[in-house]
1. Starting from the Cα-Cα distance between SER113 and ASP159, subtract it from 0.36 nm times their residue separation and give me the gain in nm to one decimal.
2. Answer rounded, prolate or oblate for the range 104-200, using the Cα gyration tensor with square roots of eigenvalues a ≥ b ≥ c: rounded when a/c is under 1.5, else prolate when a/b is larger than b/c, else oblate.
3. Can you tell me the order of 156-164, 118-126 when each peptide is scored by its average per-residue count of other Cβ atoms within 10 angstrom, highest first?
4. I need the calculated FRET efficiency for the pair GLU86 and LEU201, taking r as the beta carbon distance and R₀ as 41 Å, to the nearest 0.05.
5. Rounded if a/c is under 1.5, else prolate if a/b is larger than b/c, else oblate: which is the range 141-187, with a ≥ b ≥ c the root eigenvalues of its Cα gyration tensor?
Amino acid sequence: RKKMVIALTAVICSFIVYGSLVGAASSDNVIVASVNYVDQKFNQLMQRINQVEAKVGTGSGTGTPTYPGQQPTQPINSEALTKLEEKVDLIERTMKSYYQPMLISISESNKYSVIVLEKGQSLIASDVVEFIVRGGTCTAISGANGDGLADMTSGDGKDYQTGEQLPKNHYMLISRGDGRGIKAESDTVYLMVKGSYAIYLPEK
């Protein structure tokens, strides 16, 4: 029974985390999640786990434990239970293999750091980010509400939108973590970055 609860909990965890992250994706389908967002989803997950544990029968004494829809005196089919647990494990592995590798790293710095992106990788702001493109070709990723990346060097208030190539050696600003970021188009892109951000692998 304990193993069954753990298996069910793992599946719930996989689906909640995966569904939540996909729901928070930007318009360019890049998965984004802030620390507060993850904390909120973790609390929701714990509530769901408690609900599952409440629904699973507790059994009594040396009697046979019960499950939703099962009579207390009805024995559990161990073969069917084993097959169900195998399916649960398969679903869990499949979900983890999809969303876990996409996130490479999360960083926060109050000074500039040299960051190298490979083709297809994306840097997404978690909060305010300042950056300068030093080499390679990269494009902008707009925010959830269509806000662009501000070019503070141009002096004309230029905002770069999704798909537009970013200029080299310009001081660029992302004012908040709403899904805005940078996507590498060349084999390598060299950036100087300051602020809070996450780096993601290319989309599947």
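1. 14.2 nm is the gain from fully extending SER113 to ASP159.
2. Rounded, because the longest to shortest axis ratio a/c is under 1.5.
3. Final packing ranking: 118-126, 156-164.
4. E(calc), rounded to 0.05, equals 0.90.
5. Here the range 141-187 falls in the oblate category.
Any read-out appearing in this document is the output of simple, stated calculations on the displayed coordinates, not a laboratory observation. Fair warning: this is a prediction, and the values are worked out from it, not measured in the lab. Neighbour counts are summed over all protein chains in view; Cβ atoms, including those assigned to glycine, are modelled from backbone coordinates with ideal geometry.
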